[in-house]
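Readers should treat all values here as calculations from the given coordinates under stated rules, not as data from a laboratory. Here the structure is a predicted model, which is why all the values come from computation and not from measurement. Here the Cβ is made from the backbone with ideal geometry for all residues, glycine too, and neighbour counts use every protein chain on show.
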Amino acid sequence: MQGISPTPRDVLFEDGTARLYRFYDPDARDDGGDRPVVLLVPSLINRWYVLDLRKGASLVQACLDAGLDTYCLDWGEPRDEDRYLSWEDVLRRLSRFRRRVHRLSGAETIGLLGYCMGGTLCAIHTALEPEGIGGLINLAGPIDFSHAGDLGRMTDPRWFDADAIADAGNISPEQMQSGFVAMRPTGQLSKWVTLADRIFRPGFLESFRALDTWANDNVPFPAEAYRTYIGELYQENRLVAGTHRVFGQPVDLTGITCPLLTVAASSDHICPCDAARGLHDLAGSEEKELVVVGGGHVGAVVGSRASRELYPKITAFFEAVASSPAQSPATPETPDTATQ
């Protein structure tokens with residue numbers, strides 16, 4: 001089987017369990033030069049390498065091939081003591097990593113892409129700290145939780161007590177997996193039926209093994225961050241209501257004014273299209289676009305159509321915003337006191 005996360009990378013920064021990667025072509029190492037800089041932010045509760053799953057199914061490699069100086073935040077695996085890592089702590093960490101990318105690359109503005117929960121976090125971060133973000137992509141990140149679909153029904157406060165779960169400590173991968181299985185109880189059976197039906201198709205077995213490896217390689221959800229994420233966003237939809245507060249101030253999505261691309265997947269039951277388009281509807285950006293691609297929450301990102309349809313759309317967006325007049329530059333040497 002071809003290797004998982006095949007693109008060469010350097011570790012440039014560590015913060016707790018999190019790491020900052022910079023990817024490179026081993027045949028053309030350079031210091032970045034004037035290349036557009038992008039930071040990829042995956043979900044907090046899934047391994048980062050879904051964005052670099054395997055050869056031919058790698059958003060990371062597509063970014064490199066397009067000439068982008070590509071960084072990625074690996075959130076790492078929370079330890080037991082990280083049960084007290086709050087939602088604000090997670091956002092502070094994102095802010096530190098973003099400022100570190102500015103310093104390492106020398107770029108005044110960078111492109112930011114958040115996938116799944118990473119999209120939610122990047123939207124909040126951009127609303128709070130817009131300076132230095134030249135363009136934002138929300139890749140299947142839920143924003144309007146009134147359209148959260150199966151997960152919204154499962155976490156309905158009438159029968160779901162997020163505080164009671166968080167009080168017990170970090171939410172384990174097994175707990176979260178059981179929830180996803182409950183949403184699609186025939187999913188495991190369907191997976192093996194599909195394998196039997198397509199096993200002799202060229203390349204299918206390699207693709208199946210890579211995706212199955214990633215899907216079963218999960219990490220815990222820090223309890224305090226979980227408490228806020230479920231309670232304030234899923235159950236109360238505060239992000240859309242404008243009552244979600246971070247660092248003592250309300251998160252106003254209309255404050256996002258950089259170019260924005262929202263990508264939703266047509267068959268996504270984790271982040272339905274209307275949940276993702278909440279950012280498109282609320283952001284104050286003059287330049288914004290909503291794109292719906294085929295596939296589910298993961299398949300749209302690593303499936304056979306992704307390299308033909310999704311990756312070119314993403315890289316073209318970052319190339320375009322890099323050639324546009326710069327936004328106000330970031331000041332990474334003097335970070336906002338709220339994000340220390």
*Who wins for biggest fluctuation among GLY141, GLY255, GLY119 in a Gaussian network model of the chain, springs between alpha carbons below 10 Å?*
GLY255
_Restricting to bridges with both residues inside the chain, how much of the DSSP beta-bridge set is antiparallel, in percent to the nearest 5?_
40
*Which percentage, to the nearest 5, of the DSSP beta bridges contained in the range 42-158 is antiparallel?*
25
*Using the Kirkwood formula over every pair of different C-alpha atoms, what hydrodynamic radius in Å results for the chain?*
20.2
*asked:* At a 10 Å Cβ-Cβ cut-off, how would you order TYR24, TYR234, fewest neighbours first?
replied: TYR24, TYR234
*If each residue's Cβ is checked for other Cβ atoms within 10 Å, how do GLU129, GLU108 rank with the fewest at the top?*
GLU108, GLU129
*Calculated from DSSP H runs of 4 or more alone, at -39500 (n - 2.57) each and per residue, what is the 222 nm mean residue ellipticity of the chain, nearest 500?*
-10000 deg cm²/dmol
*ILE4 versus SER304: modelled label distance in nm, points set 7 Å from Cα along the beta carbon direction*: 2.4
*Could I have the simple spin-label model distance between SER323 and LEU12, label points 7 Å from Cα toward Cβ, reported in nm to one decimal?*
2.4
*Write down the Å³ per residue value for the convex hull defined by the alpha carbon atoms of the range 1-84.*
105
*Of GLU224, GLU319, how do they rank once you tally other Cβ atoms within 10 Å and put the fewest first?*
GLU319, GLU224
*Counting pairs of alpha carbon atoms under 8 Å apart in space and at least six apart in sequence, what relative contact order in percent does the chain give?*
23
*asked:* Test of understanding: extend the Cα→C-beta vector of ASP80 to 7 Å, then name every residue of the range 206-226 with backbone N under 19 Å from that spot.
replied: 219-225
